[in-house]
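Since every read-out is calculated from the coordinates, none of them should be taken as a lab result. Since we're looking at a predicted model, the values are computed, not measured. Using ideal geometry, Cβ is built from the backbone for each residue, glycine included, and neighbour counts are taken over all protein chains shown.
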Amino acid sequence: MTESTPSAQEQVNLRWQDLQDAASDGLVTTTQAQALWQRWSAEQQLRAATQGTLPSASATPWATGPAFGFTNVLYYFGGLVAIGAMSLFMTLGFERLGAGGLLAIALAYLIACLKVADHFKVRGLVVPAGILATLAVVLVPLIVWCVQNLLGLWPPGGDSRFSAYHTHINWRWLTLEFATLAAGAVMLWRYRLPYMVMPLAVTVWYMSMDVANALMQNEGFDWQFTRDVSLVFGIATCALALWVDVRSRRSRDTEARQDFAFWLYLFGAIMFWGSLSLRDSDSEWGKFAYCLLNVVLVFGGAVIGRRVFTVLGALGVAGYLGYLAHRVFQDSLLFPFALTLLGLGFVALGVWWQRHEADIQARLGRLLPLKGHTSA
């Protein structure tokens, strides 16, 4: 038998799903599939630009992130260990090297991480490249802390150990946080790898608490004020995430069509929902309004394809129903039947939604980011 070779005249139309299927069958790795699609998309855009036409945004697939597999588990587990070593698990013994010694180590780590990230990205290994670039962002607050201490610019008072950065709320950390956001934005623009957004989202979360501490340093710690500031930060972060999401999904650039909004959605939703749930109301109408807002989160998360809102909203609704069962209607025989009817009503709504989902998505497509299979 002879193996036939395709002629130069033959053309095959490939879809992103075809490469995903090939990766599932073990013909290529997920990383290779992403690299091939990025290369072919770039060539298509170049040809289109030469011919004076532009491909539609839908021609470029929405990048859903790396598949869950043993290789990626090793990547992320190793990356989290390395990131934790330079952040959460910074010990007093390590700090005995002094600000100068820590600065030298941190700069060496940062340069090495960026060099290796460049090496990986050129070869299409986007997951390890993103992890190494993320580690470089995580090193920024340590570098800024070292520089401030060496120059004598660290504000007096409070805990001055860097290990306290991740455990203590203090307005003195704001310089580290602003520098991290600025440096992280520059590196994110340079590498365009979604995992790099994670330390930026965490920094915004830290900043929400430290800003509250700065505003209340003369009055002392007030957890209710801190809660309210976090609520505002959460709403702003979710709004930023939605803006990033819309721009990413409508972009014609392959690299830009990645899920840069995932970590912003995650931490923004947690800040907003956590702060909202910590608010206590003596009014039954206030508690009912909280339940309705959580219902909006459930369906809103489903519409834009972000599970974090759906999960948190479901927890909020479950908490309110638990309150009704054990406080308001604890002696009622009809309450369980009413809940059963309510649950069946939601099932019926789900059936209706499934039948009309395509039309609903088409109407919302101009206002909201297109729903995709995202990991959020």
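Distance between the pseudo-spin-label points of R355 and Q32 (7 Å out from Cα toward the beta carbon): 4.7 nm. Counted residue by residue at 0.36 nm each, then reduced by the alpha carbon distance between them, the extension gain from Y323 to M216 reaches 35.2 nm.
Rounded to whole numbers, the Karplus 3J(HN,Hα) couplings from phi for the stretch 189-198 are 5, 6, 9, 6, 10, x, 4, 5, 6, 4 Hz, using 6.51 cos²θ - 1.76 cosθ + 1.60 with θ = phi - 60°, and x at Gly and Pro. Let a ≥ b ≥ c be the square roots of the eigenvalues of the Cα gyration tensor of the stretch 137-241; is it rounded (a/c under 1.5), or, if not, prolate (a/b larger than b/c) or oblate? Oblate, because a/c is 1.5 or more while a/b does not exceed b/c. Panel order for E177, E284, E255, by other beta carbons found within 10 Å of each beta carbon, from fewest to most: E284, E255, E177.
Taking a ≥ b ≥ c as the square roots of the eigenvalues of the alpha carbon gyration tensor, the stretch 197-327 is oblate, as a/c is not under 1.5 and a/b does not beat b/c.
In nm, to one decimal, how far is the modelled label at L344 from the one at V232, with both set 7 Å along Cα→Cβ? Modelled inter-label distance: 4.8 nm. Taking a spot 7 Å from the Cα of V186 along the direction of its beta carbon, which residues of the stretch 140-170 have an amide N less than 17 Å from it? Only 140-148 fall inside the zone, counting backbone N under 17 Å.
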